[in-house]
Amino acid sequence: MSYTLRGRIQSRLAAAVSPLVVALALQRWWAIELVALMLAIQLVLDLVYDRLLAYQPAWLALPLGALELGLVYGAVRALDVMWPLGWMLALFGIAWLSGQIFAHAIFPRARLEYGESGGELGRVGAATAVAVAVTLVGGLGAAYAVRPPTVHLHGTVQGPLVIDHAETLVGGVVRGGIVVRASHVTLKHVTVVGGQYGVDVEHAQHVMIDHVRVVRPVLDGIRALDAGVMISDCSVTSPAGGLVTGILISYSMGRPMSMVEGCTIAGTREGIATHSSAVSVMNNHVVGTTERGILLGEMSMDMATHNTVEGAKGIGIICMDHSMCEIEHNTVAATQPDGNQDPTRGGVGIEAFFYAEAKLSHNTVIASPGGMRAFDNSIFTSTLPGM
Amino acid sequence: MRIAIVGSGLASLAAYATLRHRGVPAEEIAVFGTHEDPLEVWRGRAAAIRQTRMRSESEGHLGAAAWPGLALHERDPRAWLATAANRYHPPVALFLRHAERVVARTGWERSFVQRRVERLAAVDGGFELDGDGPFRHVLLATGHPGLARPIPGAVHAYEPHDYAPQVTIVGAGMAAAHEWLNALAAGSEVVSVRRREPTRRPLNVPRPLLTKRGLDAYHRSSPEEHAATLRTLSQPSYPPGARWDEPLRAAEREGRFKVAAEVNGAPQVICATGFLEGFSHDPLLARLVAEHDLPTHDRWIVLAPDSTVPALTNGRTLTIAGVAGQWAFPAADTIAGAKYAARAFARRCRTR
């Protein structure tokens, strides 16, 4: 097809009907924002394509699609927004595929002159393109108008700070902990000092905890109970007592999948623990725990990938109590026996315990006398020799 | 009847299929031509040069809508992949089967009138064809006005023929390329006589000239530039690719294929020299131009970008499709060109 610039833009906007419908059906502002971001990038690229491509063969849709996906992903990272990656890819895929179907089948059937018009759609198509543009702009405007308020903290606030409505909290220091009791809450670049729990999330979802630092918590650094949370680039250090868990996510099976990514946890009893939840634990660094580095337990369905666990006493990573875990590409080093003569806590790098099933691959266990072991009717499965 | 199509070849069939797709009843259309089977002439020419694949790509079919193309009819994923890479050239047999379905599906025979039209006259409310009418909208698709045979007595590539042990083939376009390979495959020694080296081009014209992107600039150009473009594009060309080159290189190495500037007295001379060029070779068009004093430039009738004759299109429509419509669309003598004129014509016919 030899598109004209107008043809490219009209075709692009009209074909965006499909992802827009999906985004509207999801009833999530981020979905509309994502479609708008995709379209904005693609429309800018259309200006470039128009200069470079006098003729665009059908196969070129694949590399151009890959380029556009890369740019969208890069923009998402640059904008520092936390949209769910799976949905993002799905929406992009729907947009790309529907673009192909529209360009190669629907438009040529609906408008016989489509090809020779360089992708221009005539009055009806132009009206559709305008409607898509208006819907997106209107959607973005509405999203902007009803977006959760953003509160910038300056200096130190005495807590506990209770958040009971959708809100974005940015910056500052909170003493005594933060309690989240509402969905669609975002905490960014906040330092929390002390408190029973550094951050306590209950009965909420779509809670984002980004670049949050918790110092000296009494019980848990970050606790999520019956909640869906996305935790990234956090740190939990200097526990105030011997029973602290760095991040605890429990009884959240009915909520959207949670994620813990890029966090550093040092000196707690347990680093990251899940109970009856579905959590993706990845790219975290857990150091010097006194009982277990990463615990995936109580019928959880979790993934632990690309984590580093160093100097744990007792156990590095454990999948336990009827859980099903995927443990891949982790490094566990210098795990030490906890001194109780119990082989299940004897410096085991990776362990499955009590009717648990752990699928292992590409893990590295160094200087851990207990190695990798399954106890009490548990099993390891692996697709690779050496696991 | 308010619509007439003059001519009974592929361009006429494309126009007829487009009108029917747009919902024009067969009873409102009269097709005047000399062949009840609109494929007859084209089929004979393709058979004469033993053509097995179309030069056009997937959209080179007669359906009104571009999709689905012929590649989808193949039910072969390799054809689908090839069409995405512009490497799919439909088999001639598949094209003909598809064209026969179009003939049957559109009810062509209900509109067909076997008659050669000698004269078209503009009258109040439309046009009269040899006194019949008036027809408010007329599309002329009279086809090529005859075979170009620069050497008297020689067989033309588009006429049935076999190959002698020594063959001289005059010309360097698509038909000539077929003939070189045919004669070599038949075991002949071939001398290719050509005035210039052929252009290697996948399609008859560069792809942007098939769409608005290239056509806008073409339509804005001066008449002299228009004519220069058409003259350049009418130089002989055939597609690049090993399918054409390897047999010729192998035959050259064996001394069975040579290029010469003049006919050298070989026992068989085949003229792969295409067709007579220009409206003046077509009696109906020549008379139309003369009687209505239509503007022309060189060998072309000057047309509007939508393939209509501006002086005679005012509440009525006179469209010229096929090779005589090149002023509006340089590839007018292809299926894409026939459909270009047909779509514009059908848009005007919707105005009752």
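Of the residues making up the range A:190-208, those that are outside any strand (DSSP E or B) and on the phi > 0 side of the Ramachandran plot are A:Gly194, A:Gly195. Screening A:Val81 against (1) outside any helix (DSSP H, G or I); (2) within 30 Å of A:Ser280 (Cα to Cα); (3) within 14 Å of chain B (Cβ to nearest Cβ) leaves a single unmet condition, (3).
Run down A:Leu69, A:Leu140 and say which single residue is touching a helix residue (DSSP H, G or I) at 6+ places or on another chain (Cβ under 6 Å), more than 14 Å from chain B (Cβ to nearest Cβ), more than 30 Å from B:Arg347 (Cα to Cα) and touching a residue at least 40 places away in the same chain (Cβ under 8 Å).
Numbers: A:Leu69 fails: touching a residue at least 40 places away in the same chain (Cβ under 8 Å).
On inspection, the qualifying residue turns out to be A:Leu140.
Only one of (1) closer than 17 Å to A:Ala224 by Cβ; (2) buried (at least 24 other Cβ atoms within 10 Å of the Cβ) is not met by A:Cys325, so which one is it? So A:Cys325 meets the others, but not (1). Within the range B:22-44, the set of residues being within 14 Å of chain A (Cβ to nearest Cβ) and either among the polar types (S, T, N, Q) or in contact with a helix residue (DSSP H, G or I) (Cβ under 8 Å, 6 or more places away or on another chain) (or both) comprises B:Arg22, B:Val24. Assess whether A:Leu136 counts as being more than 16 Å from A:Arg213 (Cα to Cα), under 24 Å from the mean Cα position of the chain (by Cα) and not assigned by TED's automatic domain parsing to the domain that holds A:Val212. So A:Leu136 fails the test. Which residues, taken from the range A:188-202, are touching a His at 6+ places or on another chain (Cβ under 9 Å) and touching a residue at least 24 places away in the same chain (Cβ under 8 Å)? Those that are touching a His at 6+ places or on another chain (Cβ under 9 Å) and touching a residue at least 24 places away in the same chain (Cβ under 8 Å): A:Lys188, A:Val190. Quick check on the range B:204-211. Is at least one of its residues part of a helix (DSSP H, G or I) and away from chain A (no Cβ under 14 Å)? Within the range B:204-211, none of the residues are part of a helix (DSSP H, G or I) and away from chain A (no Cβ under 14 Å). Filtered by the rule that a residue be under 23 Å from B:Ala17 (Cα atoms) and modelled with pLDDT of 90 or more, the range B:72-96 gives B:His89, B:Pro90, B:Pro91, B:Val92, B:Ala93, B:Leu94, B:Phe95, B:Leu96. The set of residues in the range B:273-306 being β-branched (Val, Ile, Thr), under 21 Å from B:Ala336 (Cα atoms) and touching a residue at least 40 places away in the same chain (Cβ under 8 Å) consists of B:Val302 alone.
Could you give me the residue pairs with C-beta distances under 8 Å whose first residue belongs to the range B:106-117 and is closer than 14 Å to B:Val6 by Cα, whose second residue is in a strand (DSSP E or B) and polar (S, T, N, Q) wherever it lies, and which are 6+ apart or on separate chains? Sorted first by the residue in the range B:106-117, then by its partner, the list stays empty.
Screening the candidates B:Ala148, B:Ala122, B:Ala176 for the property of being touching a residue at least 12 places away in the same chain (Cβ under 8 Å), out of contact with any Leu (no Cβ under 8 Å at 6 or more places or on another chain) and not acidic (Asp, Glu) yields one hit, B:Ala176. Note on the range A:131-167: residues that are closer than 17 Å to A:Val185 by Cα, among the hydrophobic types (A, V, I, L, M, F, W, C) and at pLDDT below 80 total 3.
Scan B:Leu215, B:Leu203 and give me the residue that is over 30 Å from B:Gly126 (Cα atoms) and in contact (Cβ under 8 Å) with a residue 60 or more places away in the chain.
Details: B:Leu215 fails: over 30 Å from B:Gly126 (Cα atoms).
On inspection, the qualifying residue turns out to be B:Leu203.
Among the residues of the range B:128-182, the one identified as hydroxyl-bearing (Ser, Thr, Tyr) and part of a strand (DSSP E or B) is B:Thr168. Selection over the range A:258-283 of residues that are polar (S, T, N, Q), touching a Gly at 6+ places or on another chain (Cβ under 7 Å) and either outside any strand (DSSP E or B) or under 17 Å from A:Arg213 (Cβ atoms) (or both) gives a count of 2.
When the range B:43-57 is limited to residues that are out of contact with any Pro (no Cβ under 7 Å at 6 or more places or on another chain), within 18 Å of B:Ala14 (Cα to Cα) and not in a helix (DSSP H, G or I), the one that is modelled with the lowest pLDDT turns out to be B:Glu57. Conditions: (1) surrounded by fewer than 18 Cβ atoms within 10 Å (Cβ to Cβ); (2) over 31 Å from the mean Cα position of the chain (by Cα). A:Gly125 meets all but one. Number of the miss? Unmet condition: (1).
Being acidic (Asp, Glu), surrounded by fewer than 15 Cβ atoms within 10 Å (Cβ to Cβ) and farther than 30 Å from B:Arg253 by Cα narrows it down to one residue among B:Asp132, B:Asp124; which is it?
The match here is B:Asp124.
All of B:Ala79, B:Ala71, B:Ala64 fail the test of being of a type outside the set (S, T, N, Q), free of Cβ contacts under 8 Å to residues at least 12 places away in the same chain, over 15 Å from B:Arg243 (Cβ atoms) and within 14 Å of chain A (Cβ to nearest Cβ), apart from B:Ala79. Is the range B:285-304 home to any residue that is surrounded by 20 or more Cβ atoms within 10 Å (Cβ to Cβ), within 14 Å of chain A (Cβ to nearest Cβ) and under 27 Å from B:Asp124 (Cα atoms)? No: the range B:285-304 contains no residue that is surrounded by 20 or more Cβ atoms within 10 Å (Cβ to Cβ), within 14 Å of chain A (Cβ to nearest Cβ) and under 27 Å from B:Asp124 (Cα atoms).
All conditions but one from (1) among the polar types (S, T, N, Q); (2) more than 14 Å from chain B (Cβ to nearest Cβ); (3) touching a helix residue (DSSP H, G or I) at 6+ places or on another chain (Cβ under 8 Å) apply to A:Gln27; the one that does not is (3). Among residues of the range A:42-66 being more than 14 Å from chain B (Cβ to nearest Cβ) and under 13 Å from A:Trp96 (Cα atoms), the one that is surrounded by the fewest Cβ atoms within 10 Å (Cβ to Cβ) is A:Ala66.
I need the full set of residues from the range A:334-387 which are of a type in the set (S, T, N, Q), in a loop (DSSP other than H, G, I, E, B) and over 21 Å from A:Thr290 (Cβ atoms), in order please.
Just the residues of the range A:334-387 that are of a type in the set (S, T, N, Q), to begin with: A:335-336, A:340-341, A:344, A:361, A:363-364, A:368, A:377-378, A:381-383.
Now narrow it down to the ones that are in a loop (DSSP other than H, G, I, E, B): A:335, A:340-341, A:363, A:368, A:377-378, A:383.
Selection gives A:Asn363, A:Asn377, A:Ser378, A:Thr383.
Out of A:Leu5, A:Leu24, which single residue is over 26 Å from A:Arg77 (Cβ atoms), surrounded by fewer than 17 Cβ atoms within 10 Å (Cβ to Cβ), out of contact with any His (no Cβ under 8 Å at 6 or more places or on another chain) and of a type in the set (A, V, I, L, M)?
Working: A:Leu24 fails: over 26 Å from A:Arg77 (Cβ atoms).
Criteria check complete, one pass: A:Leu5.
Among the residues of the range A:87-121, count how many are part of a loop (DSSP other than H, G, I, E, B) and within 11 Å of chain B (Cβ to nearest Cβ). Going through the range A:87-121 one residue at a time, the tally reaches 10.
The values are calculated or read from the model by the stated rules, or taken from the named source; none is laboratory data. Everything numeric here is computed off the predicted structure, so don't read it as measured data. Methodologically, a virtual Cβ is constructed for each residue, glycine included, from the backbone with ideal geometry; neighbour enumeration extends over all protein chains shown.
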